[in-house]
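A quick write-up on the structure given underneath.
The values are calculated or read from the model by the stated rules, or taken from the named source; none is laboratory data. These figures come from a predicted structure and were not determined experimentally. Glycine also receives a Cβ, built like all others from the backbone with ideal geometry; neighbour counts cover every protein chain displayed. SASA here: full protein model, heavy atoms, side chains in, ligands and nucleic acids out. Shrake-Rupley method; radii C 1.70, N 1.55, O 1.52, S 1.80 Å.
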Amino acid sequence: MMSGRALMKERENDSYMDTYAYIMLLKGRNDEALKVMEKLMAMEVEHSIEVLEHYRDILQACGKNDAALDVQKKIDALKKAGENSKEQETSSM
């Protein structure tokens, strides 16, 4: 699998980690997906909404619904902040 090989070369690349974890989820390898995503979440980088949505999906698939809800709240806050920022840009024109 290409993303698996890429992950082996780029162990600390958040895009590769996210892609690999999501593919593992789609293949039903939920525990492996969670392991990779937990490493990704521990990295000190700003995670995109898409990455957080993937993490939420993996948590749900692993039956970690409370943790998934916490991630969803983070997603909602980021989306709201993005909407507020767009509104401020529009009103300042």
Practice problem: Run the quick spin-label model on LYS73 and LYS39: label points 7 Å from Cα toward the beta carbon, then report their separation in nm to one decimal. | Solution: 2.9 nm
Self-check item: Point-to-point label distance, ASP66-SER48, nm (Cα→Cβ direction, 7 Å offset)
Solution: 3.2 nm
Self-check item: ILE23 accessible area, assembled protein chains, probe 1.4 Å, Å²
Solution: 50 Å²
